[in-house]
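Engineer: Here it is: the structure, laid out below.
The values are calculated or read from the model by the stated rules, or taken from the named source; none is laboratory data. Here the structure is a predicted model, which means the values were calculated and not measured. Don't worry about glycine lacking a Cβ; one is built from the backbone with ideal geometry, like all the others, and counts go over all protein chains shown. All accessible areas refer to the heavy atoms of the entire protein, side chains included, with ligands and DNA or RNA removed. Shrake-Rupley method; radii C 1.70, N 1.55, O 1.52, S 1.80 Å.
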Protein chains: 2
Amino acid sequence: MVTEQIVNQLKKIMESESRILTEKADLVSYSFDASFGTYFPELVLQPLSAGEVAGIVKLANEYKIPIYPRGAGTSLSGGPLPVHGGIVLDFSQWNQLLIVDPEDTVAIVSPGVITANIDKEAKKHGLMYPPDPSSSHVSTIGGNLAENAGGPRGLKYGVTKDYVLGLEIVTAEGEIIRTGGRTIKNVTGYDLTKLIVGAEGTLGIITEATLQLIPRPQASKTLMVIFADIVDAGRAISSVLTSGIMPSKMEIMDQASIAAVEAYEPVGLPVDVDAIILIELDGHPLAIEDESEKVKQVCLDLGARKVVIAKNDHAAAELWRARKLVSPAIVRTKPTKISEDATIPRSKIPEMFKRLQEIKKKYQVDLVVFGHAGDGNLHPNIITNIQDKEEMKRVEKAVEEIFATAIELGGTLSGEHGIGTMKAPFMEMELGEIGVEMMKRMKTAWDPNNILNPGKIFPVKGQRLVLVND
Amino acid sequence: MVTEQIVNQLKKIMESESRILTEKADLVSYSFDASFGTYFPELVLQPLSAGEVAGIVKLANEYKIPIYPRGAGTSLSGGPLPVHGGIVLDFSQWNQLLIVDPEDTVAIVSPGVITANIDKEAKKHGLMYPPDPSSSHVSTIGGNLAENAGGPRGLKYGVTKDYVLGLEIVTAEGEIIRTGGRTIKNVTGYDLTKLIVGAEGTLGIITEATLQLIPRPQASKTLMVIFADIVDAGRAISSVLTSGIMPSKMEIMDQASIAAVEAYEPVGLPVDVDAIILIELDGHPLAIEDESEKVKQVCLDLGARKVVIAKNDHAAAELWRARKLVSPAIVRTKPTKISEDATIPRSKIPEMFKRLQEIKKKYQVDLVVFGHAGDGNLHPNIITNIQDKEEMKRVEKAVEEIFATAIELGGTLSGEHGIGTMKAPFMEMELGEIGVEMMKRMKTAWDPNNILNPGKIFPVKGQRLVLVND
């Protein structure tokens with residue numbers, strides 16, 4: 001419990017009392033994220049230095065108060081939810097540090113920097129920060145680091161973790177340490193950097209990151225490929241990738257997504273086909289000119305009904321509009337959207353589509369599928385109404401079956417959204433009892449009092465999927 | 001101690017007794033690697049299944065016998081040396097599993113597979129396994145995984161770790177677990193995969209790996225750039241990378257390397273210049289044609305004395321010959337070569353070269369510098385004679401100062417060779433006391449009896465660099 005005495009001590013740690021929030025109205029804003037469930041913190045702090053964070057954590061560790069780090073709250077898995085009360089550390093105000101060093105091709109950032117701003121700054125130097133989660137114009141890099149956020153460009157460029165060279169973190173005991181560094185290669189001891197990134201704030205709190213930047217591709221080109229049959233679409237995706245071409249993006253929309261978009265805002269998509277694949281190539285202008293023709297031919301050879309190559313950037317943006325419209329389009333009929341990210345090996349895409357259709361029928365739920373086809377990271381979305389308790393029960397069962405199916409097909413519970421509260425009950429299903437136990441040992445070794453984001457990743461006995469808490 | 005009773009139990013675990021080696025003559029072969037020091041194991045086992053490894057480790061854990069996993073023994077940091085006796089697990093015979101799945105673009109391998117064979121197999125499907133340590137035609141993937149091996153292509157393609165999707169490992173308690181999987185994106189719990197890769201066999205023993213393959217670039221092009229001044233060379237490297245071009249390799253040879261090569265086998269290199277940079281571009285033929293001209297111009301603008309673009313693959317191979325000749329050339333005068341891999345931020349390359357020349361003078365040692373300039377991963381090599389005790393004392397001091405300098409310039413002890421026994425004494429210098437302590441906590445949590453490769457990474461109190469043990 002955060003007593004008055006503790007608040008008084010916190011006032012000495014924080015350089016300004018204005019960054020200590022205790023009003024009920026403030027606490028409400030921190031009781032939810034973009035996933036499910038409502039949990040109130042006792043207190044919110046907005047730190048602006050590693051020293052402040054270290055002081056707070058030391059105190060919290062002494063009094064065993066849960067600490068919940070939070071960026072912009074866009075998590076789809078419950079990452080920042082203060083499920084056991086305690087203190088929320090709101091990092092969104094700590095956005096002052098964003099330095100790009102073009103010679104070392106790195107960016108140094110504080111945790112509250114908006115993700116998209118890093119790439120914007122890199123661009124000024126002919127560089128790129130590749131990770132592009134859909135929320136990148138809102139989300140903070142701190143949240144992206146905690147969850148190891150992905151995005152469409154993951155296919156060619158990998159995810160957040162692949163661009164983190166070094167971190168400054170505060171341990172559960174309030175010590176400030178540095179992991180990794182400023183060099184691309186580093187094999188000095190255990191790779192704490194890649195362990196902390198994606199650990200959802202349960203092993204340490206990130207207070208600074210050194211990110212790798214890469215040369216910015218000079219041009220890009222977009223293709224839209226229409227497949228009457230999902231099996232052909234799956235084969236085409238693999239064939240493109242073994243033809244010596246690595247697209248920067250390969251996004252898929254299923255029939256339900258296409259129909260939803262056309263009903264929402266007609267853009268002229270055919271509603272009688274299994275799938276549309278949007279492909280982006282980037283790199284040297286001459287290379288992508290030639291590659292786009294090759295990709296077209298591969299797709300036509302494998303049964304594509306039609307291939308459209310965007311003539312210029314404006315036309316490309318038009319093609320991508322359809323993909324961007326999916327999210328607003330699907331919530332038009334019902335207000336609640338459950339966005340999953342069960343991920344499967346690429347070869348299992350057709351099978352996964354088939355199984356998802358069966359789940360849709362079996363539980364009578366509104367299911368649309370889109371996402372990152374190139375790396376098997378699909379986003380099955382269930383559209384529902386959280387007020388409809390009977391339907392929500394069916395939805396919970398459908399979600400459970402989606403997870404089980406992904407694992408059965410050699411895939412994983414989460415490709416890019418994280419485990420948080422949402423998927424904790426399913427951890428053993430994928431990792432086995434000993435697999436989870438080995439992870440817990442790390443947690444216990446680093447955070448013996450379990451104060452860092454408790455209630456995430458690791459299930460408590462008998463924990464089940466809960467979309468609505470009371 | 002490995003008693004007769006334990007050997008009898010091992011005979012029940014191993015499916016064939018012929019894979020239990022106890023003869024003195026056999027033990028000699030396992031007493032050294034490509035680094036320094038000689039240590040005899042009590043016993044060598046050549047496991048061929050995870051079941052055998054699990055049985056061995058369970059027994060070793062019960063009797064607290066050190067286990068030393070070993071691939072081809074090419075380690076430059078002492079990774080497989082059995083410094084506390086015990087059992088060497090020789091994985092070099094377990095090379096039967098090498099499956100490439102072109103649809104999922106993955107390879108599944110057993111630990112004894114020769115690294116280069118993976119890329120050879122991938123090539124048949126238009127794919128590539130990018131990591132290319134210099135020893136790749138001899139080294140095993142198991143050793144590469146344990147040490148997180150790098151190589152020249154690291155600049156564009158990253159290192160071993162960047163291509164590992166999943167592992168099967170045996171824990172210190174003899175449990176078989178799987179980490180990661182077959183998908184490119186996976187954020188289910190802690191990233192044990194990337195923690196185990198590079199942990200030098202101290203956290204678990206790798207018995208299988210799932211590796212990511214990528215589309216094979218269609219063509220490549222090589223340039224040789226000659227710089228009279230090392231500062232110009234450093235600036236040119238950064239300028240190329242901010243011009244929108246990412247070469248696949250950028251290797252540097254200093255004046256001493258060039259002179260050594262010319263003395264060994266004259267290939268017509270100018271011996272009066274500070275540095276030669278070899279650049280390889282790969283990708284679409286049209287793209288690299290254009291990019292090679294751009295790179296040439298950037299280098300000339302920044303003071304390059306001469307730029308040669310290889311007209312064809314044969315000419316390219318000729319240019320790379322000079323780089324390949326460095327190693328044989330420098331051991332011509334003295335038999336012992338100490339190959340370091342201190343790595344610095346790219347912008348510090350000119351400063352590092354200056355400091356290395358000072359160290360060379362101060363300790364009167366034969367120092368040549370070459371390596372991976374694009375990512376700051378230089379290889380300062382000291383040429384000496386291990387029999388000359390007086391010189392070896394100066395060499396030890398010079399090596400220590402190279403480490404200190406790399407860290408002072410914001411770099412790291414090791415870019416790709418690992419810590420092993422060689423660099424353990426310097427861990428705190430880079431990571432601080434708490435940094436090392438946090439790593440130790442992981443080790444203790446996973447291997448409470450300290451049986452997995454003990455004596456590596458973590459220094460014992462007062463440990464110093466030892467190049468010759470008695």
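Engineer: Quick check on region B:160-179. Is at least one of its residues within 9 Å of another protein chain (Cβ to nearest Cβ) and under 12 Å from the mean Cα position of the chain (by Cα)?
Structural biologist: So far as region B:160-179 goes, yes, one or more of its residues are within 9 Å of another protein chain (Cβ to nearest Cβ) and under 12 Å from the mean Cα position of the chain (by Cα).
Engineer: Within region A:328-366, work out how many residues are in contact with a Pro (Cβ under 7 Å, 6 or more places away or on another chain) and over 15 Å from A:MET253 (Cα atoms).
Structural biologist: Taking region A:328-366 and keeping what is in contact with a Pro (Cβ under 7 Å, 6 or more places away or on another chain), we get A:340, A:342, A:356.
Okay, now just the ones that are also over 15 Å from A:MET253 (Cα atoms), so A:342.
Result for region A:328-366: 1.
Engineer: Right, something else. Does A:THR183 qualify as being more than 7 Å from every other protein chain (Cβ to nearest Cβ) and closer than 24 Å to A:MET128 by Cα?
Structural biologist: no
Engineer: Let me ask you something else. Exactly one of these conditions fails for B:ALA219: (1) more than 9 Å from chain A (Cβ to nearest Cβ); (2) open to solvent by 10 Å² or more (accessible area, probe 1.4 Å); (3) within 24 Å of the chain's Cα centre (by Cα). Give me its number.
Structural biologist: Result: B:ALA219 fails condition (3) only.
Engineer: Right, something else. Answer yes or no as to whether A:TYR157 is under 21 Å from the mean Cα position of the chain (by Cα) and within 16 Å of B:VAL159 (Cα to Cα).
Structural biologist: yes
Yes/no per residue for (1) among the acidic types (Asp, Glu); (2) more than 10 Å from chain A (Cβ to nearest Cβ):
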| residue | (1), (2) |
| --- | --- |
| B:ILE407 | no, no |
| B:GLU416 | yes, no |
| B:THR421 | no, yes |
| B:ASP447 | yes, yes |
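Engineer: Looking only at region B:262-290, which residues are of a type in the set (Val, Ile, Thr), at pLDDT 95 or above and either under 24 Å from the mean Cα position of the chain (by Cα) or open to solvent by 20 Å² or more (accessible area, probe 1.4 Å) (or both)?
Structural biologist: If the condition is that a residue be of a type in the set (Val, Ile, Thr), at pLDDT 95 or above and either under 24 Å from the mean Cα position of the chain (by Cα) or open to solvent by 20 Å² or more (accessible area, probe 1.4 Å) (or both), then B:ILE276, B:ILE277, B:ILE279 are the ones that fit.
Engineer: So which residues in region A:8-41 are in contact with a strand residue (DSSP E or B) (Cβ under 7 Å, 6 or more places away or on another chain) and open to solvent by 20 Å² or more (accessible area, probe 1.4 Å), if there are any at all?
Structural biologist: Within region A:8-41, A:LYS11, A:ARG19, A:ILE20, A:LEU21, A:THR22, A:ASP26, A:TYR30 qualify.
Engineer: Can you pull out the residues in region A:239-254 that are at the interface with chain B (Cβ under 9 Å from one of its Cβ atoms) and open to solvent by less than 10 Å² (accessible area, probe 1.4 Å)?
Structural biologist: A:VAL240, A:LEU241, A:ILE245 - these are the residues of region A:239-254 that are at the interface with chain B (Cβ under 9 Å from one of its Cβ atoms) and open to solvent by less than 10 Å² (accessible area, probe 1.4 Å).
Engineer: Go through the residues of region A:450-463 one by one and say whether even a single one is within 7 Å of chain B (Cβ to nearest Cβ), open to solvent by 10 Å² or more (accessible area, probe 1.4 Å) and among the hydrophobic types (A, V, I, L, M, F, W, C).
Structural biologist: No, because not a single residue in region A:450-463 is within 7 Å of chain B (Cβ to nearest Cβ), open to solvent by 10 Å² or more (accessible area, probe 1.4 Å) and among the hydrophobic types (A, V, I, L, M, F, W, C).
Engineer: Another question about this same structure. Among the hydroxyl-bearing types (Ser, Thr, Tyr), assigned by TED's automatic domain parsing to the domain that holds B:ASN95, open to solvent by less than 20 Å² (accessible area, probe 1.4 Å) and closer than 18 Å to B:ASN453 by Cα: which single residue out of B:THR179, B:THR160, B:THR183, B:THR171 fits that description?
Structural biologist: Criteria check complete, one pass: B:THR171.
Engineer: A:GLY455 - would you say it is outside any helix (DSSP H, G or I) and either farther than 28 Å from A:PRO328 by Cβ or in the same structural domain as A:ILE237 (by TED's automatic domain parsing) (or both)?
Structural biologist: Spelling it out, A:GLY455 is indeed outside any helix (DSSP H, G or I) and either farther than 28 Å from A:PRO328 by Cβ or in the same structural domain as A:ILE237 (by TED's automatic domain parsing) (or both).
Engineer: Can you work out which of the residues in region B:373-409 that are over 19 Å from B:PHE353 (Cβ atoms) and of a type in the set (S, T, N, Q) is surrounded by the most Cβ atoms within 10 Å (Cβ to Cβ)?
Structural biologist: Going through the qualifying residues, I end up with B:THR384.
Engineer: Does A:ILE338 fit the bill of being among the aliphatic types (A, V, I, L, M), under 22 Å from B:PRO102 (Cβ atoms) and open to solvent by less than 10 Å² (accessible area, probe 1.4 Å)?
Structural biologist: No.
Engineer: It is to be established whether one or more residues within region B:52-60 are part of a loop (DSSP other than H, G, I, E, B), open to solvent by 20 Å² or more (accessible area, probe 1.4 Å) and in contact (Cβ under 8 Å) with a residue 24 or more places away in the chain.
Structural biologist: no
Engineer: Can you give me the number of residues within region A:85-112 that are closer than 30 Å to A:ILE65 by Cβ, open to solvent by less than 20 Å² (accessible area, probe 1.4 Å) and either within 14 Å of chain B (Cβ to nearest Cβ) or among the hydroxyl-bearing types (Ser, Thr, Tyr) (or both)? Step through it out loud before you land on a result.
Structural biologist: Looking only at region A:85-112, we keep the residues that are closer than 30 Å to A:ILE65 by Cβ, and these are A:85-97, A:109-112.
Subset that is open to solvent by less than 20 Å² (accessible area, probe 1.4 Å): A:85-91, A:109-112.
Of the ones still in play, those that are also either within 14 Å of chain B (Cβ to nearest Cβ) or among the hydroxyl-bearing types (Ser, Thr, Tyr) (or both) are A:110.
Residues meeting the conditions: 1.
Condition check ((1) free of Cβ contacts under 8 Å to residues at least 60 places away in the same chain; (2) within 14 Å of another protein chain (Cβ to nearest Cβ)) across all residues:
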position: B:ASP282; (1), (2): no, yes
position: B:GLU289; (1), (2): no, yes
position: B:ARG305; (1), (2): no, no
position: B:HIS314; (1), (2): yes, no
position: B:THR343; (1), (2): no, yes
position: B:LYS348; (1), (2): no, yes
position: B:PRO380; (1), (2): yes, no
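Engineer: Being in a loop (DSSP other than H, G, I, E, B) and touching a strand residue (DSSP E or B) at 6+ places or on another chain (Cβ under 7 Å) is the filter here, so list the residues in region B:415-431 that pass it.
Structural biologist: Those that are in a loop (DSSP other than H, G, I, E, B) and touching a strand residue (DSSP E or B) at 6+ places or on another chain (Cβ under 7 Å): B:GLY415, B:GLU416.
Engineer: How about region B:351-365: which of its residues are surrounded by fewer than 18 Cβ atoms within 10 Å (Cβ to Cβ) and either in contact (Cβ under 8 Å) with a residue 40 or more places away in the chain or on the phi < 0 side of the Ramachandran plot (or both)?
Structural biologist: Once the filter is applied, which keeps residues that are surrounded by fewer than 18 Cβ atoms within 10 Å (Cβ to Cβ) and either in contact (Cβ under 8 Å) with a residue 40 or more places away in the chain or on the phi < 0 side of the Ramachandran plot (or both), region B:351-365 yields B:GLU351, B:LYS354, B:GLN357, B:GLU358, B:LYS361, B:LYS362.
Engineer: Considering region B:332-374 alone, what residues qualify as being in a strand (DSSP E or B) and in contact with a helix residue (DSSP H, G or I) (Cβ under 7 Å, 6 or more places away or on another chain)?
Structural biologist: B:LYS337, B:ILE338, B:THR343, B:LEU367, B:VAL368, B:VAL369, B:PHE370, B:HIS372, listed by residue number.
Engineer: Right, something else. In region B:417-445, which residues are over 13 Å from A:TYR190 (Cα atoms), touching a residue at least 60 places away in the same chain (Cβ under 8 Å) and charged (D, E, K, R)?
Structural biologist: Matches in region B:417-445: B:LYS423 only.
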